[in-house]
2 protein chains.
Amino acid sequence: MGELALIARVKEMLGEPGGRVLTGPGDDAAVVRADGVSVTSIDTVVDGVHFELATHSPADVGHKALATALSDIAAMGAEPGEAYVSLALPDGFGEEAATQLVEAMRALALRTGTTIAGGDVVSGPVLYVSVSVTGWAPGPEQLVYRSGARDGDLVGVTGELGGSGAGLLVLRGAPGSPALVERHRRPQPRLAEGRALAAAGASAMIDVSDGVGTDARHLADSSGVQIEIELAKLPLADGVSDPAFAATAGDDYELLFTALPERRAAIEAAVPVTWLGGVRAGAGAVFRDAAGRVVDLEGFEHVR
Amino acid sequence: MGELALIARVKEMLGEPGGRVLTGPGDDAAVVRADGVSVTSIDTVVDGVHFELATHSPADVGHKALATALSDIAAMGAEPGEAYVSLALPDGFGEEAATQLVEAMRALALRTGTTIAGGDVVSGPVLYVSVSVTGWAPGPEQLVYRSGARDGDLVGVTGELGGSGAGLLVLRGAPGSPALVERHRRPQPRLAEGRALAAAGASAMIDVSDGVGTDARHLADSSGVQIEIELAKLPLADGVSDPAFAATAGDDYELLFTALPERRAAIEAAVPVTWLGGVRAGAGAVFRDAAGRVVDLEGFEHVR
């Protein structure tokens, strides 16, 4: 299959009507029924930078590119809507690989209620996947921003941490379970959890892409507060034993959030979460050990 | 400036509040006031494929990436809204180049009433710019689709053709004017023309990216009709003398449209256009010389 034929074939696969989409692919642009507010984020992953085709199948790449974009929609507490996908395919990527990439993306889209409403396919020196994803909410007040954390709020997180980073180390030869590798290759955007946290009254929220160490600082900076986290409380993925690693390894795509203490019961009833600490006046994120001593995470880094 | 610092700096530059944008960059996603229908397209340009940094400044690339994305919004007859920009920057691209690229994009955004509402910057082996752009209309019936051409309609085009392709040949050493080069480096999305044509009753519309030869076929295929164009009527850019070249060289980003004959006066009053031919029952696009003979454009190609 020649390059132009492959591009045409993949373009056909990208985009289907459904949900709000009135006109899908085949016109100059997709037409989508709009109301309330739209919530949009764009993300790009590049072979050799964000993944390696040596250790990730084309399907892993397709899944991950859409999952990490959808994670931003989850972190706003919005309903997923449409995805627009741009692929740059290197020479020799081939029809089978391109089909697997798009099929994995479509499977995740189907599972999350996302419509792939359009796309663009070009050639490039390495595989690049850009995904622009749009979610919807009735109004801006139904969303949760990074800036809403207030002195006295609790800090919580969904799921478990450190699994993706540990999985990447397994891919590089460290001992560890296939489940960790799966966690790295197939992150799950916490869309239902994000909407439930928004409905239950979370005051601020962010997805954990860089690691709680960095993302807690982002929340604190946006909100003008200090976030204090007790490292021993971090929920560790099976096979991860070091909380400092779990706080910094990144790519977990769980949701870190804050909430008024009186929202605690409502949140626990809505979503399984782990409470990590609290919000106070001040700046930045502070991590403490069980004895209350500040732990410096400087020596730890986002595993890439 | 290190890579991470550059990425942070460019991210700061991408995104500003304005228009419908309620929350710009700095959160997980941009929040935009929505109503009617949104109209979205994603486009990517890659160094060595869609442009060469040897002959295009970073500002040219930034302009072109946004202009070609906006051209799809123009071709729907929609009002431009927001752009989301993802850049992959190669080692050594540098702060000055990145700043120039983004500034040119912002200048075009400002001039067209587009808000750059968000972005993502990563590193990659070559310069890669992906732009997702959203426009707005009160409802789907205010838009113009590729599928609306009907037997008996007239066929028209805005502006002049062949200039961009001729400019690319000048960049490669052919004789020709700097104006042609400018036409290639700085395409102008015909947003006002697209809205005016929609309001004046155009029945189908497409932007001329591949050349009228190919894009007329796209219109015909989407509409289930045949489009007949008299080659001698093509409006040639200054410095272009061969209509077959003008029909195939591509990248002009003018608007090719159809309309009922009774809309002719209203369209001429709204937008300067050139009438090229008509729509009839049948399939595909047919080009004829002044004597009525069918001209085969096979030997001519999109200049890349």
Would you please list the contacts, defined by Cβ atoms under 9 Å and residues six or more apart or on different chains, that run from a residue in region B:288-304 that is polar (S, T, N, Q) to a residue that is exposed (fewer than 14 other Cβ atoms within 10 Å of the Cβ) and modelled with pLDDT of 75 or more?
none
Going through (1) surrounded by fewer than 24 Cβ atoms within 10 Å (Cβ to Cβ); (2) small (Gly, Ala, Ser); (3) touching a residue at least 40 places away in the same chain (Cβ under 8 Å) one by one, A:Gly173 fails only at (3)
Strands (runs of 3 or more DSSP E) lying entirely in region B:210-304 (those with 3 or more residues that are open to solvent by less than 10 Å² (accessible area, probe 1.4 Å), closer than 19 Å to B:Gly194 by Cα and among the acidic types (Asp, Glu)):
none
Could you say whether any residue in region A:46-57 is within 23 Å of B:Ser86 (Cβ to Cβ), open to solvent by 10 Å² or more (accessible area, probe 1.4 Å) and among the aliphatic types (A, V, I, L, M)?
yes
What strands (runs of 3 or more DSSP E), lying completely within region B:1-113, carry at least 1 residues that are among the hydroxyl-bearing types (Ser, Thr, Tyr) and either out of contact with any Pro (no Cβ under 8 Å at 6 or more places or on another chain) or at the interface with chain A (Cβ under 10 Å from one of its Cβ atoms) (or both)?
B:21-23, B:37-46, B:79-89
Condition first: open to solvent by less than 30 Å² (accessible area, probe 1.4 Å), assigned to a loop (DSSP other than H, G, I, E, B) and out of contact with any Leu (no Cβ under 7 Å at 6 or more places or on another chain). Can you find one or more residues in region A:188-200 that meet it?
yes
Failed item, numbered, when B:Gly48 is tested on (1) on the phi < 0 side of the Ramachandran plot; (2) modelled with pLDDT of 90 or more:
(1)
Taking region B:224-269 and keeping residues of a type outside the set (Gly, Ala, Ser) and within 16 Å of B:Arg280 (Cβ to Cβ) leaves B:Val225, B:Gln226, B:Ile227, B:Glu228, B:Ile229, B:Glu230, B:Thr258, B:Leu260, B:Pro261
Matching residues, region B:25-66, being under 18 Å from B:Leu14 (Cα atoms) and among the β-branched types (Val, Ile, Thr)
B:Val31, B:Val32, B:Ile42, B:Thr44, B:Val45, B:Val61
Criterion (closer than 25 Å to B:Ile73 by Cα, open to solvent by 10 Å² or more (accessible area, probe 1.4 Å) and within 17 Å of the chain's Cα centre (by Cα)) met by exactly one of A:Thr68, A:Thr134
A:Thr134
If you scan region A:150-182, which residues turn out to be among the β-branched types (Val, Ile, Thr) and either within 21 Å of A:Ala269 (Cα to Cα) or touching a His at 6+ places or on another chain (Cβ under 7 Å) (or both)?
A:Val155, A:Val157, A:Thr158
Answer yes if at least one residue in region A:30-37 is more than 23 Å from A:Pro138 (Cβ to Cβ), open to solvent by less than 20 Å² (accessible area, probe 1.4 Å) and out of contact with any His (no Cβ under 7 Å at 6 or more places or on another chain), and no otherwise.
no
Close pairs from region A:272-285: first modelled with pLDDT of 95 or more, partner loosely packed, with under 15 Cβ neighbours inside 10 Å, Cβ under 7 Å, at least 6 apart:
A:Val279/A:Asp151; A:Val279/A:Gly152; A:Arg280/A:Asp151; A:Ala281/A:Asp151
Restricting to region A:180-216, name every residue that is hydroxyl-bearing (Ser, Thr, Tyr) and within 12 Å of chain B (Cβ to nearest Cβ).
A:Ser209, A:Thr214
Filter region B:114-160 for residues that are away from chain A (no Cβ under 11 Å), within 30 Å of B:Val240 (Cα to Cα) and touching an Asp or Glu at 6+ places or on another chain (Cβ under 6 Å) and give the result.
B:Val157, B:Thr158, B:Gly159
How many residues, within region A:14-31, are at pLDDT 70 or above and within 24 Å of the chain's Cα centre (by Cα)?
5
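The values are calculated or read from the model by the stated rules, or taken from the named source; none is laboratory data. Please read all numbers here as calculations on a predicted model, not as lab measurements. We place every Cβ from the backbone using ideal geometry, glycine too, and count neighbours over all the protein chains shown. What goes into the accessible areas is simple: the full protein's heavy atoms, side chains included, and nothing from ligands, DNA or RNA. Shrake-Rupley method; radii C 1.70, N 1.55, O 1.52, S 1.80 Å.
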